[in-house]
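To start, the structure under review is shown below, and the notes come after it.
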Amino acid sequence: MKISSFIHIFGDRIWDALNKEFLKLSPEEVEYIKNNKEHLEDSNIPLHLIELGVVTTYDKEKEMFLKLKKLTTDTQFQSLYLITSTACNLNCDYCFYRSSASGSLHRRENMKFSVAKEALEQFKEITKNNIKGDDYWQQITFYGGEPLLNKELLYNVIPYSRHLFDSDTSLVINTNATLLDNNDIHLFKENSVEVQVSLDGDEEKHNLHRKTHLGEPTYKIVINNMKKLLDSGVKVLPMITATDDNLDNFSERIYKIVKELGIDDYAVNVLISNSFNSSDSYAEKLAEEMLKAYEKYGKIASDYAFVELYNRLIGEDKAISKNSCGATRKITVFPNGNIYACQAMEKLGVNNMGTLQNDYISNANWFEWRNRSRFDNNECLNCASVISCGGGCATGSYNCSQSICGIDKNNCEYTKHLFKKIHNV
């Protein structure tokens with residue numbers, strides 16, 4: 001028998017990671033756990049600890065790991081990413097497309113409507129028999145590069161997407177918003193498209209990284225276009241990438257965005273590991289600032305993904321987090337009709353699923369991606385947040401270890417620091 005891997009010792013407090021709670025134990029039971037955590041003698045085991053699952057068998061624990069892996073393994077596709085253009089009018093220095101595993105931006109290709117149409121029709125067929133529980137979602141994302149560099153496609157494919165799919169399928173465009181005009185706003189409004197816009201804080205911090213190829217700043221253009229979208233009744237979500245450059249008073253920077261735009265939600269992106277330099281204190285500072293933002297302004301506006309993670313880390317939400325990397329439930333189509341799991345690692349062989357013209361759904365590489373699980377990783381299994389954490393980003397994992405199954409350092413450290421700060425351990 002053994003002390004469960006889900007049991008973690010913080011001084012005299014014992015955390016049960018599986019059930020997300022600190023256990024109410026006698027001093028003698030706490031001492032027993034401390035003395036036997038590394039090696040347990042099969043004698044004089046307190047019965048109460050067996051009843052709680054604190055003491056278990058190797059076989060039972062192995063069965064639990066397998067069960068958790070099965071529960072968190074994606075089995076159906078729910079998302080379609082159309083890479084409408086591999087070109088971009090900006091030159092952001094932290095862009096994940098700069099990775100050696102990518103290379104897409106150099107080709108500057110635009111998707112044709114025939115490719116997008118085929119992808120959409122196949123996606124409709126693939127998802128028609130999906131199991132749709134209470135938490136089911138389905139989404140089509142127009143992505144790049146910069147999608148607005150291919151407006152000819154957007155003006156055809158967005159109405160066609162809305163024709164094929166009802167309002168239960170979300171339509172999203174991810175854009176830098178520098179090329180937006182009134183006709184685009186009308187297009188998004190008429191077809192209920194959510195516009196996700198990259199905005200990294202105030203003017204100074206945003207312009208540090210998000211510049212044109214000529215080095216020109218973009219903040220004023222972006223913020224003015226976001227206001228136009230909101231004034232027209234279009235759903236807008238600021239996508240804020242956290243870097244060392246904007247972390248000082250990050251919570252205040254978030255609030256200024258919220259106040260200026262009059263919005264009630266936003267999304268903060270943890271910098272993809274090794275995509276851009278980050279300090280040793282990056283993850284801890286971000287965790288501290290995100291907590292400040294939520295505590296100060298959570299009733300005004302919040303990051304949905306953060307609130308979900310927070311509620312799971314405190315144990316209010318007992319659910320097991322699905323994989324935070326969406327690559328195993330999305331189909332990514334590039335302009336040439338090639339299919340990938342992830343848009344960020346085009347050159348990686350295991351990421352290539354074939355083309356729209358072959359049976360890419362049966363490609364064996366999907367097994368490699370869906371086999372990516374934190375419940376197979378010893379470092380994850382020894383973490384107090386293993387049930388609440390989604391395992392991070394596959395690109396971040398690959399950047400750190402040359403394997404999609406490795407540890408995504410920035411996400412990992414960020415989640416660990418959140419847990420410690422929330423529980424004061």
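The values are calculated or read from the model by the stated rules, or taken from the named source; none is laboratory data. Only a predicted model underlies this, so the values are computations on that prediction, with no experimental measurement involved. We place every Cβ from the backbone using ideal geometry, glycine too, and count neighbours over all the protein chains shown.
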With the checklist (1) farther than 30 Å from residue 251 by Cα; (2) surrounded by fewer than 18 Cβ atoms within 10 Å (Cβ to Cβ); (3) touching a residue at least 60 places away in the same chain (Cβ under 8 Å) in hand, flag the one item residue 333 doesn't pass.
-> (2)
Residue satisfying condition, being more than 30 Å from residue 9 (Cβ to Cβ) and either hydroxyl-bearing (Ser, Thr, Tyr) or out of contact with any Leu (no Cβ under 6 Å at 6 or more places or on another chain) (or both), within set 359, 408 = 359
Is there a residue being assigned by TED's automatic domain parsing to the domain that holds residue 86 and more than 26 Å from residue 322 (Cα to Cα) anywhere in region 125-136?
-> no
Matching option when the condition is within 24 Å of the chain's Cα centre (by Cα), surrounded by fewer than 15 Cβ atoms within 10 Å (Cβ to Cβ) and either part of a loop (DSSP other than H, G, I, E, B) or free of Cβ contacts under 8 Å to residues at least 12 places away in the same chain (or both), among 244, 248, 200 | 248
Could you list, in sequence order, all residues of region 208-233 that are of a type outside the set (Lys, Arg), part of a helix (DSSP H, G or I) and at pLDDT 95 or above?
-> 219, 221, 222, 223, 224, 225, 226, 229, 230, 231
Is there any pair linking a residue in region 282-299 that is among the charged types (D, E, K, R) to one that is at pLDDT 95 or above and in a helix (DSSP H, G or I), with Cβ under 6 Å and at least six apart or on different chains, and which?
-> 284/417; 289/250; 289/251; 292/251
Quickly run through region 357-390 and pick out the residues that are surrounded by fewer than 19 Cβ atoms within 10 Å (Cβ to Cβ) and β-branched (Val, Ile, Thr).
-> 361
Evaluate region 343-356: report whether one residue or more is touching a His at 6+ places or on another chain (Cβ under 9 Å) and surrounded by 17 or more Cβ atoms within 10 Å (Cβ to Cβ).
-> no
Flag if residue 96 is closer than 30 Å to residue 135 by Cα, surrounded by fewer than 16 Cβ atoms within 10 Å (Cβ to Cβ) and of a type in the set (A, V, I, L, M, F, W, C) = no
Just checking, which of 291, 271 is buried (at least 20 other Cβ atoms within 10 Å of the Cβ) and either hydrophobic (A, V, I, L, M, F, W, C) or in the same structural domain as residue 222 (by TED's automatic domain parsing) (or both)?
-> 271
